[in-house]
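Student: Okay, here's the structure, questions in a sec.
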2 protein chains.
Amino acid sequence: MKQETRKDEIIVTASKLFKEKGYSAVTMRDLATAMGIKAASLYNHINSKQDILKAIIISIAEEFTSGMNAIIHSDASNIDKLEKIVDLHVNITSHNTNGMASLNNDWMHLEDQLGYYLQLRNEYEANFLNIIKEGILSSELKNSNPEIIMFSMLTTLRSLYLWIPKKEDLNANDLSNSLSEVLIEGINN
Amino acid sequence: MKQETRKDEIIVTASKLFKEKGYSAVTMRDLATAMGIKAASLYNHINSKQDILKAIIISIAEEFTSGMNAIIHSDASNIDKLEKIVDLHVNITSHNTNGMASLNNDWMHLEDQLGYYLQLRNEYEANFLNIIKEGILSSELKNSNPEIIMFSMLTTLRSLYLWIPKKEDLNANDLSNSLSEVLIEGINN
DNA sequence: ATATTAAACTAACGCTTGTTAGTTTGGTGA
DNA sequence: TCACCAAACTAACAAGCGTTAGTTTAATAT
């Protein structure tokens, strides 16, 4: 259990501000004020504003990648794999709601790491689409347009960050189950 | 048929840039360069950067409001009303893809008009939720959590702007039908 | 030809931005 | 008690921001 450093606190605070106004609209002075210090003091802990964004987005993107890798290498049915994907999104979003906002809305402001991020995202979507196509081939899923199915599921899952904070009463398991029902039963055969 | 003014051209160009980088990251000099003129020249046509955002977002929000009003005052079944909502989103997004990006991502940077925008959005969501609840009461829809159903549909529909440009081959009717299938059949009784 | 006008221009403004350099503070371990 | 060090500070920078004022250009209408 790694202990929370001052740098971590800055990243957590930045995530919250980035969620509210977006990366570009948050100034280093905004961030410093939220931390109760002066802007220049931030630079004792971080290298640049850009580095904060990178730290937020890349770590989440890598969580998704390793989660997806576990799923595709499991021997579950394709329906079960889709349910595991729903689970993955609910879990990651639950423990990093604010960071998901940056991942969704501010990825284009990554500079050096933009290519790497896009690579991870493309691979993730290709794996996702593949599960759906396999599910259709094996008649587990209705023969709808696989891209539309993925689009519908993925955009809903990506928007969870907007919705989870409003429903704190609902625990992660219940939410995951309800979502699986709504998202998957419509395409189930 | 009102003819295209220079101001309209600026708003169209701004929409495209706002979609790519977000409102805050686009400078008036960026916009001017994209128009092939100098930044100061923009002010012969518009009052402020803020006004451009307002023009983009509020007009779309009002389109949604009047579309929703037509739907709730029609005597269609609740399932049919949901299909009409899908249609409404596909149509508005098809003819203003870029503007939808600002509506989704930059509404919080509205200043004077923020309250008005939120009012329209809240009313829209209340009407949407009501249709789902009525559908459940009349047994047209499965007895799932109505908020999750709305969340799932609405986030998919709000994200259409990301997806429609990639699928120019698919016409609006086909897309609307496929989406209705995926989104509604899962909750249909 | 002349007056009008839409739409561009140059030049500059005051302010905010991310960031750096160098310094002070206050607590911990030797 | 003193050296150390993380973490704050003040002061300042060059660049970029949205915007204004006043001027020029080129096409249209009288």
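Student: For residue A:6 paired with residue B:74, estimate the spin-label separation in nm (one decimal), with each label point 7 Å from Cα along the Cα-to-Cβ line.
Tutor: A separation of 6.1 nm, rounded to one decimal place.
Student: What average number of partner chain Cβ atoms lie no more than 10 Å from the Cβ of the residues making up A:173-184?
Tutor: Shielding by partners across A:173-184 averages 3.
Student: Ranked highest first by average number of other Cβ atoms within 10 Å, how do B:49-59, A:122-132 line up?
Tutor: B:49-59, A:122-132
Student: Could you let me know the centre-to-centre spacing of the range B:98-150 and the range B:1-57, using Cα atoms, in angstrom?
Tutor: Taking the Cα centre of the range B:1-57 as reference, the centre of the range B:98-150 is 28 Å away.
Student: For chain B, what is the mean residue ellipticity at 222 nm derived from helices alone (per DSSP H run of n ≥ 4: -39500 (n - 2.57); sum divided by total residues; nearest 500 deg cm²/dmol)?
Tutor: Per the formula, -22500 deg cm²/dmol.
Student: Then there is this: Distances from residue A:9 to the same position in the other copies: list them in nm, one decimal, shortest first, using label points 7 Å from Cα along Cα→Cβ.
Tutor: Its label point is 5.4 nm from the equivalent points in the other copies.
Student: Which of the aspartates and glutamates could be linked to residue A:167 by a straight reach, that is with a Cα gap under 15 Å, when you skip same-chain ones fewer than 8 residues away?
Tutor: By straight Cα distance, residue A:167 reaches B:147.
Student: Same structure, new question: Please compute the per residue accessible area over the protein assembly as shown with all protein chains in place, 1.4 Å probe, rounded to a whole number of Å².
Tutor: 49 Å²
Student: Counting Lys +1, Arg +1, Asp -1, Glu -1, what net charge surrounds residue B:99 among other residues with beta carbon under 11 Å of its beta carbon?
Tutor: Result for the neighbourhood of residue B:99: 0.
Student: Can you count the Lys pairs in the range A:1-94 with C-alpha separation below 23 Å, eight or more apart or on different chains?
Tutor: 19
Student: Follow-up. Which helices, counted as full DSSP H runs in chain A, have an axial Cα extent of no less than 20 Å and a Kyte-Doolittle average of 0.0 or above?
Tutor: Helices passing the filter in chain A: A:49-72.
Student: Something else now. Could you report the buried accessible area between B and A, both sides summed, computed with a 1.4 Å probe and given in Å² to the nearest 100?
Tutor: That pair of chains buries around 2400 Å² in total.
Student: Something else now. Mind listing the label-point distances from residue B:34 to the same position on all other copies, shortest first, one decimal in nm, points 7 Å along Cα→Cβ?
Tutor: Nearest first, the other copies' label points are 2.6 nm away.
Student: Largest first, how would A:158, A:29 line up by accessible area (1.4 Å probe)?
Tutor: My answer, sorted largest first, is A:29, A:158.
Student: For the pair residue B:122/residue A:122, report the inter-label distance in nm, with labels modelled 7 Å from Cα in the Cβ direction.
Tutor: Each label point lies 7 Å from its Cα, and together they span 4.4 nm.
Student: Turning to a different aspect of this structure: Compute the label-point distances linking residue A:165 to its equivalents in the other copies; points lie 7 Å from Cα along Cα→Cβ; give nm, one decimal, shortest first.
Tutor: 2.7
Student: Let me ask something else. Take the Cβ-Cβ distance between residue B:43 and residue B:16 as r, set R0 to 25 Å, and report the resulting FRET efficiency rounded to the nearest 0.05.
Tutor: Step by step, r from the Cβ atoms, then E = 0.80.
Student: Just to confirm a number: summing +1 for Lys and Arg and -1 for Asp and Glu over residues other than residue B:54 whose beta-carbon lies under 9 angstrom from that of residue B:54, what do you get?
Tutor: Computed value for this residue: -3.
The values are calculated or read from the model by the stated rules, or taken from the named source; none is laboratory data. Computed from a prediction, not measured in an experiment: that's the story for all the values here. Cβ coordinates were reconstructed from backbone atoms using ideal geometry, including for glycine residues, and neighbour counts include every protein chain displayed. The area values use the complete protein model at the heavy-atom level, side chains included, leaving out ligands, DNA and RNA. Shrake-Rupley method; radii C 1.70, N 1.55, O 1.52, S 1.80 Å.
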